[in-house]
Amino acid sequence: MNDQKRISATSVYFESMGYKLNPETGLIDYDRLEDMAKLFRPKLIIAGTSAYSRLLDYKRFRQICDDVKAVLLADIAHISGLVAAGVIPTPFDYADVVTTTTHKTLRGGRAGMIFFRKGIKSTDKNGKEIKYDFQQKVDFAVFPSLQGGPHNHAIASVAVALKQAMSPEFREYQEQVLKNAKAMAKALIAKKYTLVSGKLLFCANEIMNGSFQC
């Protein structure tokens, strides 16, 4: 999909506007994103990493979404294994909806998962509770809108992958993924390649204080 040609189903059914990178740093320009959101007034803002190799500022995304009353969806399909292992920051503290595939860094069978907030969202001026309304919308969108009979073998494979993701060995694996990405970035830079944002995935986990640097 581009400005002139719409191919994907999402481009047919939804109107979208992409946010941009700072051309000098290769990082997301959050100030420009905020300005665009105020102008475009989107119903949904996607914080995704499919084509972005740096850590996302989920807190800033949350603030922008709150300002324009948009839903924040975090697409972690490519990094969900890293998130599950706790080696990079999680979007779950800020996002309304989180989506992921299970066959990439989670190392499971081919499937997908959708997480969404439930319970009390806020209160109105009269003190009445306002609850999140994602469950019915998401459930109906999956079935019967898009899917039919369940694939029980695929569900079982997801369960196995999630159990493995709770193990110390899984965390070691994901830590090695970061080391491999760092080594690949250094090798490409040494060969005079220009990497978007200056690094491919060059994140350091400061274990002592729990902060993340990239």
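Here is a check on your reading of the model: is ALA84 in contact (Cβ under 8 Å) with a residue 40 or more places away in the chain, under 20 Å from VAL196 (Cα atoms) and not in a loop (DSSP other than H, G, I, E, B)? Quick ask: steps written out before the conclusion?
Values: in contact (Cβ under 8 Å) with a residue 40 or more places away in the chain: yes; under 20 Å from VAL196 (Cα atoms): no; not in a loop (DSSP other than H, G, I, E, B): yes.
Answer is no for this residue.
Whether any residue in region 62-84 is at pLDDT below 95 and touching a helix residue (DSSP H, G or I) at 6+ places or on another chain (Cβ under 6 Å) is what I want to check.
The answer is no; no qualifying residue exists.
If you scan region 130-164, which residues turn out to be surrounded by 12 or more Cβ atoms within 10 Å (Cβ to Cβ), polar (S, T, N, Q) and closer than 26 Å to ARG107 by Cα?
Answer for region 130-164, where residues must be surrounded by 12 or more Cβ atoms within 10 Å (Cβ to Cβ), polar (S, T, N, Q) and closer than 26 Å to ARG107 by Cα: SER157, GLN164.
Going through ALA95, ALA37 one at a time, which residue ends up being without any contact (Cβ under 8 Å) to a residue 60 or more places away in the chain and not in a loop (DSSP other than H, G, I, E, B)? Working first, answer last.
Working: ALA95 fails: not in a loop (DSSP other than H, G, I, E, B).
It is ALA37.
Would you check if PHE92 is in contact with a helix residue (DSSP H, G or I) (Cβ under 9 Å, 6 or more places away or on another chain), of a type in the set (Phe, Trp, Tyr) and surrounded by fewer than 17 Cβ atoms within 10 Å (Cβ to Cβ)?
yes
Of everything in region 34-67, what is over 26 Å from ALA181 (Cα atoms) and surrounded by 18 or more Cβ atoms within 10 Å (Cβ to Cβ)? Give them in sequence order.
Matches in region 34-67: MET36, ALA37, PRO42, ILE45, ARG62, ILE64, CYS65.
Would you pick out the residues in region 19-31 that are surrounded by 11 or more Cβ atoms within 10 Å (Cβ to Cβ) and either more than 20 Å from the chain's Cα centre (by Cα) or not charged (D, E, K, R) (or both)?
If the condition is that a residue be surrounded by 11 or more Cβ atoms within 10 Å (Cβ to Cβ) and either more than 20 Å from the chain's Cα centre (by Cα) or not charged (D, E, K, R) (or both), then TYR19, LEU21, ASN22, THR25, GLY26, LEU27, ILE28, TYR30 are the ones that fit.
So MET208 fits all but one of (1) surrounded by 12 or more Cβ atoms within 10 Å (Cβ to Cβ); (2) modelled with pLDDT under 85; what number is the exception?
(1)
Among the residues of region 3-25, which ones are among the hydrophobic types (A, V, I, L, M, F, W, C) and assigned to a loop (DSSP other than H, G, I, E, B)?
ILE7, PHE14, MET17
Return yes when VAL12 is at pLDDT 95 or above, farther than 30 Å from GLN164 by Cβ, surrounded by fewer than 18 Cβ atoms within 10 Å (Cβ to Cβ) and not charged (D, E, K, R) and no when it is not.
So VAL12 does not fit the description; no.
The values are calculated or read from the model by the stated rules, or taken from the named source; none is laboratory data. Just so we're clear, the structure is a prediction, and the values are computed from it rather than from any experiment. A quick note on method: Cβ atoms are made from the backbone with ideal geometry, for glycine too, and the neighbour counts reach across all protein chains shown.
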